[in-house]
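The values are calculated or read from the model by the stated rules, or taken from the named source; none is laboratory data. Being a predicted model, the structure only gives us computed values, none of them experimental. Cβ placement follows ideal geometry from the backbone for every residue including glycine, while neighbour counts extend to all protein chains displayed.
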Amino acid sequence: MSDPEIKFNHPNSDASNFIDGTNPNARDKAPGKAHDLRSDRPPLPGSVSSVRRVNPMVCEELLQRARTETHALIRRAESHYGISVPTVEIHFDLRGTAAGMVLFPHGKAPVIRYNSILLQHNRHDFLTQTLPHEVAHLIARTLHGKSIRPHGHEWKTVMLFFGADTLRCHNYATDDVPVRKLRRFPYTCGCQQHQLTTIRHNRILKGLTYRCRQCGEPLRSVKL
């Protein structure tokens with residue numbers, strides 16, 4: 001998440017979305033390069049499904065049911081649309097308030113990630129809504145390619161085929177779901193105060209300079 005009040009000039013980035021930084025000691029490095037979650041834990045090619053970092057509170061029977069119903073949805077779509085869906089991995093390692101997501105690592109098997117805590121506390125809705133939601137992303141991409149909108153007409157059509165509501169977001173209660181809180185570091189310029197993430201704070205310690213978009217002055221750490 002970028003700070004709207006500071007900018008980043010990088011040849012491969014939209015300057016309006018990032019912050020401006022220069023490091024005189026590392027000209028060849030690309031500050032602000034996005035961290036790719038998919039490269040952090042690559043899936044195992046050829047595996048039908050796997051489970052990693054399963055929440056111990058969720059019984060294996062429920063996880064197995066989610067896996068089974070996910071594959072059943074895929075088979076229904078394959079039969080209906082006359083397509084062959086790539087081998088899919090299923091993980092139950094998603095954290096925070098997101099219920100599920102689909103990743104498409106280049107040259108590797110697609111990965112469906114589910115939130116095991118939300119699955120446990122919202123069993124019926126999760127199985128009847130979240131599972132079709134994520135599988136519909138997989139089917140829509142298989143049918144129409146990667147250039148389609150995530151929740152566009154193609155995705156909605158598949159959701160209707162599954163008999164699920166075309167809702168973009170879930171309405172599960174998430175008050176008791178653990179959410180990682182990022183530490184922020186206060187910085188100031190000539191016109192206001194900024195809250196920088198640990199990543200940006202560490203880059204400054206290594207010599208990177210960030211400038212305020214409003215006044216153009218370099219950011220300075222606020223001593224607490």
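At a glance:
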| item | result |
| --- | --- |
| Subset of region 103-127 [under 14 Å from His170 (Cα atoms) and assigned to a loop (DSSP other than H, G, I, E, B)] | Asn115, Asn122 |
| Tally of residues being modelled with pLDDT under 95 and crowded, with 17+ Cβ neighbours inside 10 Å across region 142-154 | 1 |
| Residue within region 89-105 that is assigned by TED's automatic domain parsing to the domain that holds Lys156 and more than 17 Å from the chain's Cα centre (by Cα) present | no |
| Residues (more than 15 Å from Pro186 (Cβ to Cβ) and in contact with a Cys (Cβ under 7 Å, 6 or more places away or on another chain)) located in region 198-217 | Gln214, Cys215, Glu217 |
